[in-house]
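Chemist: Below you'll find the structure I mean.
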Amino acid sequence: MLRLRVKDVDFGMGYLVIRDAKGAKDRTTLLPKSLITDLQNQVIVVAKLLELDIARGVDAVYLPHLLERKYPDAGHALGWQYMFPSNELSKDPRANAIRRHHIYSTSLQSHVKSALKESRIHKHASCHTFRHSFATRLLQAKYDLKQIQTLMGHTDIRTTEIYLHVLDELGDKVKSPLDL
């Protein structure tokens with residue numbers, strides 16, 4: 001999510017592409033309809049920030065896999081900008097350039113902890129917890145295991161089945177005697 005680029009959000013088709021995720025794989029997942037307006041507004045913020053950076057002479061955003069050489073102007077294109085850019089500019093040690101990077105993981109983790117505290121959820125949770133919750137909720141909604149495997153980016157169905165076993169253990173089949 002931190003490295004999500006504007007071009008990786010497909011509002012028309014309703015999906016996100018997560019690039020170079022765990023296992024160096026690209027994954028496609030659902031774009032919740034409830035987030036579309038907020039994300040479209042975020043693209044407007046990113047576009048204004050890009051315009052400001054270009055006017056100030058800030059170097060282009062980092063492009064992976066030597067794409068900067070192949071497409072020299074792409075680093076100033078809106079599609080390549082990070083969806084959640086940092087407020088601060090930083091020096092890129094690879095190119096000795098001053099660039100706008102994405103927000104840092106520590107910032108995101110701090111926001112998640114604050115949100116947990118504000119919502120009075122008194123459990124340990126992290127950004128990765130959302131991934132597990134996503135899979136569990138899809139299983140609870142009776143989605144097909146193969147579909148969930150695809151959305152989670154698991155190459156082996158047994159990895160996805162772990163969620164099924166956890167759900168079976170915690171499922172609604174067992175009732176407390178006090179509720180009976």
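The values are calculated or read from the model by the stated rules, or taken from the named source; none is laboratory data. Only a predicted model underlies this, so the values are computations on that prediction, with no experimental measurement involved. Reconstructed Cβ throughout: ideal geometry from the backbone, glycine too, with neighbour counts over all protein chains shown. Quick note on the areas: whole protein, heavy atoms, side chains included, nothing else; ligands and nucleic acids left out. Shrake-Rupley method; radii C 1.70, N 1.55, O 1.52, S 1.80 Å.
Chemist: Quick one: would you say LYS7 is among the basic types (Lys, Arg), without any contact (Cβ under 8 Å) to a residue 12 or more places away in the chain and closer than 21 Å to HIS101 by Cβ?
Modeler: Details: among the basic types (Lys, Arg): yes; without any contact (Cβ under 8 Å) to a residue 12 or more places away in the chain: no; closer than 21 Å to HIS101 by Cβ: yes.
Criteria not met by LYS7.
Chemist: Sticking with this structure for a sec: How many residues are open to solvent by 70 Å² or more (accessible area, probe 1.4 Å), assigned to a helix (DSSP H, G or I) and not aliphatic (A, V, I, L, M) if we restrict to the range 1-38?
Modeler: Count: 6.
Chemist: Of the numbered conditions (1) over 26 Å from ILE148 (Cβ atoms); (2) small (Gly, Ala, Ser); (3) surrounded by fewer than 16 Cβ atoms within 10 Å (Cβ to Cβ), GLY75 satisfies every one except a single condition; which is it?
Modeler: Result: GLY75 fails condition (3) only.
Chemist: So, one more: For the range 66-89: of the residues being without any contact (Cβ under 8 Å) to a residue 60 or more places away in the chain, closer than 22 Å to ARG19 by Cα and part of a strand (DSSP E or B), which is nearest to the chain's Cα centre (by Cα)? Don't jump to the end; show me each part of the working.
Modeler: Here is the first cut: in the range 66-89, the ones without any contact (Cβ under 8 Å) to a residue 60 or more places away in the chain are 66-77, 85-89.
Then drop every residue that is not closer than 22 Å to ARG19 by Cα, which leaves 66-77, 85-86.
With part of a strand (DSSP E or B) added as a condition, the list becomes 85-86.
Numbers: PRO85: 13, SER86: 15 Å.
If we take residues in the range 66-89 being without any contact (Cβ under 8 Å) to a residue 60 or more places away in the chain, closer than 22 Å to ARG19 by Cα and part of a strand (DSSP E or B), then PRO85 is nearest to the chain's Cα centre (by Cα).
Chemist: For the range 121-180, what are the residues that are acidic (Asp, Glu), more than 20 Å from ASP26 (Cα to Cα) and at pLDDT 85 or above? Before you say what the answer is, go through the steps one by one.
Modeler: In the first step, residues of the range 121-180 are kept if they are acidic (Asp, Glu); the result is 144, 156, 161, 168-169, 172, 179.
Then keep just the ones that are more than 20 Å from ASP26 (Cα to Cα); that gives 144, 161, 168-169, 172, 179.
Once the filter is applied, which keeps residues that are acidic (Asp, Glu), more than 20 Å from ASP26 (Cα to Cα) and at pLDDT 85 or above, the range 121-180 yields ASP144, GLU161.
Chemist: Assigned to a helix (DSSP H, G or I), buried (at least 16 other Cβ atoms within 10 Å of the Cβ) and in contact with a helix residue (DSSP H, G or I) (Cβ under 7 Å, 6 or more places away or on another chain): which single residue out of LEU63, LEU50 fits that description? Steps first, answer last, please.
Modeler: Working: LEU63 fails: assigned to a helix (DSSP H, G or I).
That would be LEU50, the only listed residue that is assigned to a helix (DSSP H, G or I), buried (at least 16 other Cβ atoms within 10 Å of the Cβ) and in contact with a helix residue (DSSP H, G or I) (Cβ under 7 Å, 6 or more places away or on another chain).
Chemist: Just to be sure before I move on: is ASN41 closer than 30 Å to THR150 by Cβ, out of contact with any helix residue (DSSP H, G or I) (no Cβ under 9 Å at 6 or more places or on another chain) and either among the polar types (S, T, N, Q) or open to solvent by 60 Å² or more (accessible area, probe 1.4 Å) (or both) in the structure I sent?
Modeler: Working: closer than 30 Å to THR150 by Cβ: yes; out of contact with any helix residue (DSSP H, G or I) (no Cβ under 9 Å at 6 or more places or on another chain): yes; either among the polar types (S, T, N, Q) or open to solvent by 60 Å² or more (accessible area, probe 1.4 Å) (or both): yes.
For ASN41, the condition - closer than 30 Å to THR150 by Cβ, out of contact with any helix residue (DSSP H, G or I) (no Cβ under 9 Å at 6 or more places or on another chain) and either among the polar types (S, T, N, Q) or open to solvent by 60 Å² or more (accessible area, probe 1.4 Å) (or both) - is met.
Chemist: Quick test of your reading of the structure: SER107 fulfils all but one of (1) small (Gly, Ala, Ser); (2) surrounded by 15 or more Cβ atoms within 10 Å (Cβ to Cβ); (3) at pLDDT below 95. Name the failing condition by number.
Modeler: Going through (1) small (Gly, Ala, Ser); (2) surrounded by 15 or more Cβ atoms within 10 Å (Cβ to Cβ); (3) at pLDDT below 95 one by one, SER107 breaks only (2).
Chemist: Applying the selection to the range 110-147, what residues are closer than 24 Å to ILE162 by Cβ, open to solvent by 60 Å² or more (accessible area, probe 1.4 Å) and among the hydroxyl-bearing types (Ser, Thr, Tyr)?
Modeler: Listed by number, the list holds a single entry, TYR143.
Chemist: On to the next question. What is the number of the single condition among (1) open to solvent by 40 Å² or more (accessible area, probe 1.4 Å); (2) within 30 Å of GLY57 (Cβ to Cβ) that ARG99 does not meet?
Modeler: (1)
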